[in-house]
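Just below is one structure, and these are the notes that go with it.
The values are calculated or read from the model by the stated rules, or taken from the named source; none is laboratory data. Because the structure is predicted, anything quoted here is derived from the model rather than measured. Note that each Cβ is placed from the backbone with ideal geometry, even for glycine, and that neighbours are counted across all protein chains shown. For the accessible areas, the whole protein counts, side chains as well, though only heavy atoms, and no ligand, DNA or RNA atoms are used. Shrake-Rupley method; radii C 1.70, N 1.55, O 1.52, S 1.80 Å.
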Amino acid sequence: MDGVHDLGGVEGFGPLEIGADEPPFHHDWEGRVMGMRILMSFWGAWNTDRGRFAIEQLPPAEYLTMTYYEKWLASLVNMMVEGGLVSREEVATGRASAGTTALDGAPGPKVVRKVLPAGTPTLREIDQPPRFSVGDAVRAATHMHSGHTRLPRYVRGRVGEIVAHHGAHVLPDTNAAMAGEQPEHLYTVRFSARELWGDTGSDHAVRLDPWESYLASAE
C-alpha cells in the first residue's frame, strides 16, 4: 500500500529525536492502550499483520499528527468495530449497548505472561524450494497491490544481492487481509546506497528482508 506511512527515504521530516534513558511509556494511558491491544487480540478477530494494516489505513492527516500510541488506540477501535466486538456507540459512550453479551474467554495474567515471551512465530514448513540462493542478484518489484506489504517504496525496482535465506514465513500481504498465511521463502537482500539514491559518495548499504514474491532475478 502506497500510503503516508511509507516514509523511508523521504526528506523533510527532520532528524529522529532519541532521548536519553527513554522510558517504555511517557504516560500511563499508553501502557493501558498496549494492554488493551494485546488482550483484545485473544478473540482472533485480527492478527499482527492486520493490526499493522489498520494503522496504515488511518487518514493521512491523523497519521502524521498522532503519537505512536494514539495510532495504536485509533486503529484498535477500528478493528474492534470491524470485528464485531464493540459498536461505535459503545466506544463513544463508554457503556455497553442494550442487549449485548459480554465475551467469554478473557485471558488472565498467567496466560498473558506465558504468551508474550513466545510472541507469534511465523516460520513455516513448505514443499516449494527457494527460487534464490545467497549471492544471487535480484530486483525488487516495481509495483505492489493496494493492501498491506512489507516492501518499502524506496527499494522498488532496485537491484540487490541475496545475503541470507531464512526459510519460509507467513506472507503478511495475505495474512493482513485475513486471507490465509500462504507462507513464502524470506530472504535478506543487501542494497547499496548508490543503487537506492544515486552517487551519494557513501559506501553504506541497506539490508531488507523481502518475501520471495517481492523479488525477480536481475541476471
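Ordering 22-34, 73-85, 111-123 by mean Cβ neighbour count within 10 Å, with the highest value first, yields 73-85, 22-34, 111-123.
Taking the protein heavy atoms of the range 138-217 in the context of the full set of protein chains, the accessible area attributed to carbon and sulfur is 48 percent at 1.4 Å.
Karplus-derived 3J(HN,Hα) values for the range 119-124, using 6.51 cos²θ - 1.76 cosθ + 1.60 with θ = phi - 60°, are x, 10, x, 10, 5, 9 Hz; glycine and proline are entered as x. Solvent-accessible surface of the chain, taken per residue with a 1.4 Å probe and all protein chains present: 63 Å².
Annotation for the range 1-64 versus the range 119-181: alpha-carbon center distance of 22 Å.
Extent along the principal axes, Cα only, for the chain: 63, 46, 34 Å, with the longest axis given first. Shown in residue order for the range 76-92 are the 3J(HN,Hα) couplings computed by the Karplus curve 6.51 cos²θ - 1.76 cosθ + 1.60 at θ = phi - 60°: 4, 4, 4, 5, 5, 5, 4, x, x, 7, 9, 10, 4, 4, 5, 5, 5 Hz (x for Gly and Pro). If only the Cβ of Lys and Arg carry +1 and only the Cβ of Asp and Glu carry -1, the dipole of the range 30-87 around its Cα centre is close to 140 debye.
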